Amino acid sequence: MAREFARGFYHSVAWKHARAAYMALPVTAQDGRICPPGMCERCFSRGVLAPAEIVHHRVHLTPANVRDRAIALDFSNLMRVCRDCHAELHSPEGAAPRVAFDEYGRVVPR
Ligand SMILES: [Zn+2]
Ligand SMILES: [Zn+2]
């Protein structure tokens, strides 16, 4: 089933604010180029501009860390991505995406 442990978090005002603020932020890529607000950071790093739909946690949320603000809310752990990139980030290397997402961009089993 869906990630029940994170349900409260994804409904929280703190997350909604952090997600909206991060989406609207220019992000400096590793090579110093600026990923424009609202664009997928992973596609941008490959020279493609695609609208981001999901704010992903680089360190994935778990029941143990969902209340840790440095993991759950700090911009350093966030990454905005399109749906394709998000599926790839949550799939084993080289495998076809095996996950789907709910309306909050949370990973749910297919
Ligand atoms: Zn992408
Ligand atoms: Zn994710």
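The values are calculated or read from the model by the stated rules, or taken from the named source; none is laboratory data. Just so you know, these numbers come straight off a predicted model, no measurement behind them. FYI the Cβ positions are ideal-geometry reconstructions off the backbone, even for glycines, and counts take in every protein chain you see. Side chains included, ligands, DNA and RNA excluded: accessible areas come from the protein's heavy atoms. Shrake-Rupley method; radii C 1.70, N 1.55, O 1.52, S 1.80 Å.
Tabulated values for the structure
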quantity: Identity of the residue in segment 1-18, touching a helix residue (DSSP H, G or I) at 6+ places or on another chain (Cβ under 9 Å) and touching a residue at least 12 places away in the same chain (Cβ under 8 Å), that ends up farthest from Ser76 (Cα to Cα); calculated: Arg3
quantity: Test: residue in segment 68-88 that is more than 14 Å from the chain's Cα centre (by Cα) and under 22 Å from Glu4 (Cβ atoms); calculated: yes
quantity: Number of positions in segment 42-55 that are surrounded by 20 or more Cβ atoms within 10 Å (Cβ to Cβ) and within 16 Å of ligand 2 (Cβ to nearest atom); calculated: 4
quantity: Scan of segment 67-91 for residues that are more than 16 Å from ligand 1 (Cβ to nearest atom), part of a helix (DSSP H, G or I) and not charged (D, E, K, R), ordered by number; calculated: Ala70, Ile71, Ala72, Phe75, Ser76, Asn77
quantity: Cβ pairs under 8 Å, 6+ apart, first in segment 80-91 and closer than 13 Å to Ser45 by Cα and touching a residue at least 12 places away in the same chain (Cβ under 8 Å), second within 6 Å of ligand 1 (Cβ to nearest atom) and open to solvent by 50 Å² or more (accessible area, probe 1.4 Å); calculated: Val81/Arg42; Cys82/Arg42; Cys85/Arg42
quantity: Residue within segment 19-38 that is at pLDDT 95 or above, at positive phi, of a type in the set (Gly, Ala, Ser) and part of a loop (DSSP other than H, G, I, E, B) present; calculated: yes
quantity: Which listed residue, of Pro63, Pro37, is more than 12 Å from ligand 2 (Cβ to nearest atom), open to solvent by 60 Å² or more (accessible area, probe 1.4 Å), within 21 Å of Val108 (Cα to Cα) and in contact with a helix residue (DSSP H, G or I) (Cβ under 8 Å, 6 or more places away or on another chain); calculated: Pro63
